[in-house]
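> Below: one structure in structure tokens.
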Amino acid sequence: MNFFMILKVAMRAIWRNKTRSLLTALGIIVGIAAVIAVVSIGQGASTMMVSQINSMGNNMIMIFPASRNTGGVRTGSGGAQTLTAEDGQAIAEDISYFVRCVSPIVRANGQVIYQENNWATQVQGVSVDFPEVRNWNVSKGVFFDKDEQRQGSRVCVIGQTVSDNLFGENDPIGKVIRIKNMPFKVLGVMEKKGSNNFGQDQDDLIIAPYTTVKRVLQNSIFNNVNMLNVSLYSLDDTEAAKKDISALLRQRHKLGRNADDDFDLRDMAEISKTIGSVSSLMTILLTTVAAISLVVGGIGIMNIMLVSVTERTREIGLRMAIGATPLDILLQFITESILLSTVGGLIGVIFGVAGAKIVGDVQHWPILITPSSIIVSFLFSAMVGVFFGFYPAFRASRLHPIDCLRYE
């Protein structure tokens with residue numbers, strides 16, 4: 001028998017038991033669909049993570065005040081007040097060979113009012129270098145300048161969410177808003193950033209000079225800041241820069257040789273690695289479940305093929321009697337197994353792609369479907385058919401034609 005005849009016979013045998021064939025391939029369909037969906041969602045998540053990390057700043061190192069003990073209770077990172085704007089200025093000047101620029105960050109929350117509209121949001125006090133540090137530019141208007149920062153002027157730049165809620169379709173440039181009942185002039189609107197990895201709306205904030213936030217909104221005469229954002233020239237310099245920054249801060253804070261750091265350094269690589277580890281773990285777990293489903297589907301194919309061999313024993317004997325060789329019988333049953341698994345794999349690919357797209361549309365999650373994942377899944381389903389279909393096919397090929405013809 002030639003290949004096309006074997007294929008024709010296999011297709012006829014499968015079509016003769018359509019319902020059973022579909023149920024047999026169901027495990028493969030579910031497994032392949034799960035693999036495609038998991039890989040697509042996982043790769044989309046990785047792409048989004050890289051994009052979000054890049055949106056947080058240019059090769060950025062974040063410096064936080066360290067934790068402190070209060071009554072025997074540790075307050076966690078940021079609990080102490082050990083960082084100042086002068087620390088940031090010293091880092092920018094003394095480590096200029098690694099550091100492009102530095103921006104202190106001071107936070108305050110409050111209600112913002114414009115005419116009859118009001119909105120509760122976060123106010124961030126920053127320096128003029130903030131747009132370069134965060135790789136975040138003004139879309140309309142201008143950012144405040146060094147003179148306004150030095151003088152502590154009541155000016156601000158707002159995020160797109162704040163602009164939409166306070167001004168709607170009107171131009172906010174030059175308007176005066178009230179933050180905690182203090183008037184601030186709007187100089188510009190930042191580019192739209194969207195949500196970050198933690199679901200927080202990055203556009204829901206107001207940016208003002210840190211000197212103004214400290215004096216006007218916090219009523220503080222001290223120069224401590226919540227954190228320092230440091231932008232490096234190159235990501236390759238991260239470890240060396242962290243070492244030099246740590247040495248400089250220890251010197252400025254007069255810490256002894258055995259004293260713990262009163263600050264924490266974190267870089268984008270650490271954050272990316274942490275998020276990536278969680279994403280990889282979830283992908284591995286879900287892929288394992290999908291692989292188990294494929295194995296169960298393969299066992300189902302082997303079971304049905306064994307039943308098929310038993311049901312068609314007289315047919316096998318008749319084919320051998322008219323000249324079919326054991327190799328022909330072997331190829332016929334392996335072909336049926338491969339057809340079942342590949343058709344199931346094709347249906348699974350369709351369901352997997354559709355399922356991934358539905359998840360992406362419902363959850364607003366980025367989906368990345370690559371041809372390689374589809375091809376690999378399809379080939380893997382064919383391999384399942386070969387692996388689990390070989391034993392039933394081999395058993396059929398070893399039957400004796402006379403015993404088969406006697407079989408009732």
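The values are calculated or read from the model by the stated rules, or taken from the named source; none is laboratory data. Only a predicted model underlies this, so the values are computations on that prediction, with no experimental measurement involved. Neighbour counts are summed over all protein chains in view; Cβ atoms, including those assigned to glycine, are modelled from backbone coordinates with ideal geometry.
> Which residue out of Ser195, Ser127, Ser220 is of a type in the set (Gly, Ala, Ser), under 17 Å from Val106 (Cβ atoms) and at pLDDT below 90?
Only one candidate qualifies: Ser220.
> Looking at Thr287, Thr335, which is the one that is in contact with a helix residue (DSSP H, G or I) (Cβ under 6 Å, 6 or more places away or on another chain), among the polar types (S, T, N, Q) and within 18 Å of Tyr391 (Cα to Cα)?
Thr335
> Next up: Of the residues in region 251-266, how many are more than 12 Å from Ile91 (Cα to Cα) and surrounded by 14 or more Cβ atoms within 10 Å (Cβ to Cβ)?
7
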